[in-house]
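Chemist: Supplied in structure tokens, the structure appears directly below.
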Amino acid sequence: MLGLKLPTDPRWVNIVAKNIDEILTDHAYCEQKAASTAISLIVSFPEYPELIEEMVALSREEMGHFKMVHDLIRERGQTLGRDRKDEYVLELIKFFPKGGSRTTQLVHRLLYAALIEARSCERFRLLSEELEDKNLAEFYRKLMISEAGHYTMFLKFARKYGDLKEVNQKWDELLQYEAQIMKGLGTKETIHG
């Protein structure tokens, strides 16, 4: 369903299981960045009313997820650590050239967002199936379902606002590129790394 060309190595879950507090901090910031992305799309593309409506709802939902993760961190007797660079996202955004028409810029941002949500969904599925901590596993199962919805929403908007054939081609090329990025990741206690 997600179309990812290279699945996450299941051994990644072992890294996560040994570093739960680190992954929760990284996850909290991923949720905050997802909310920021939604707000940025509102600010950058106010002429798309349907997109605005969905991004308002998404920003609220993602901040709700941030709160859920932060609450979990606090329940574990920890505090939210510092944000880190997301190597995955930094590499991903190198794919499309800068510039182009407003529509092109919008489509590229929507495709990036769709792919980030798809990879998060895939990682959350792994955590929901493999973590021994059943409460955490259930927590990630619920979030996995949400991420799948976000992935399809972003892809739907990219296909709606861009030329369908061109968007589908760009999506496939982006998936291929992302698979190459993933070959060098999966060794850190981060959601995408």
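Chemist: Somewhere in the range 101-110, is a residue over 24 Å from G193 (Cα atoms) and surrounded by 19 or more Cβ atoms within 10 Å (Cβ to Cβ)? First the steps, then the outcome.
Modeler: From the range 101-110, those over 24 Å from G193 (Cα atoms) are 101-107; that's our starting set.
Now drop any that are not surrounded by 19 or more Cβ atoms within 10 Å (Cβ to Cβ), which leaves 106-107.
Yes: the range 101-110 contains one or more residues that are over 24 Å from G193 (Cα atoms) and surrounded by 19 or more Cβ atoms within 10 Å (Cβ to Cβ).
Chemist: Additional query: Going residue by residue through the range 37-48, is there one that turns out to be in contact (Cβ under 8 Å) with a residue 24 or more places away in the chain and either in contact with an Asp or Glu (Cβ under 6 Å, 6 or more places away or on another chain) or under 15 Å from E117 (Cα atoms) (or both)?
Modeler: yes
Chemist: Follow-up question, since we're still on this one. Just one of L41, L24, L58 is crowded, with 18+ Cβ neighbours inside 10 Å and either within 19 Å of H192 (Cα to Cα) or small (G, A, S) (or both); which is it? So that I can check it myself, show each step before the final result.
Modeler: Values: L41 fails: either within 19 Å of H192 (Cα to Cα) or small (G, A, S) (or both); L58 fails: either within 19 Å of H192 (Cα to Cα) or small (G, A, S) (or both).
Step by step, each of L41, L24, L58 is checked, and only L24 is crowded, with 18+ Cβ neighbours inside 10 Å and either within 19 Å of H192 (Cα to Cα) or small (G, A, S) (or both).
Chemist: In addition: Could you check the range 49-90 and list, in sequence order, the residues that are in contact (Cβ under 8 Å) with a residue 60 or more places away in the chain and of a type in the set (A, V, I, L, M, F, W, C)?
Modeler: L51, L58, M68, L72, V89
Chemist: For residues that are surrounded by 14 or more Cβ atoms within 10 Å (Cβ to Cβ), without any contact (Cβ under 8 Å) to a residue 60 or more places away in the chain and over 17 Å from the mean Cα position of the chain (by Cα), tally how many sit in the range 132-159.
Modeler: Summing the residues that are surrounded by 14 or more Cβ atoms within 10 Å (Cβ to Cβ), without any contact (Cβ under 8 Å) to a residue 60 or more places away in the chain and over 17 Å from the mean Cα position of the chain (by Cα) in the range 132-159 gives 2.
Chemist: For the range 61-100, enumerate the residues that are farther than 29 Å from K170 by Cβ, surrounded by 14 or more Cβ atoms within 10 Å (Cβ to Cβ) and within 16 Å of the chain's Cα centre (by Cα).
Modeler: M63, F66, V69
No lab work stands behind these numbers, since they all come straight from the coordinates. Since the model is a prediction, treat every value here as computed from it, not as a measurement. Positions of Cβ are generated from backbone atoms using ideal geometry, with glycine treated the same way; all protein chains shown enter the neighbour counts.
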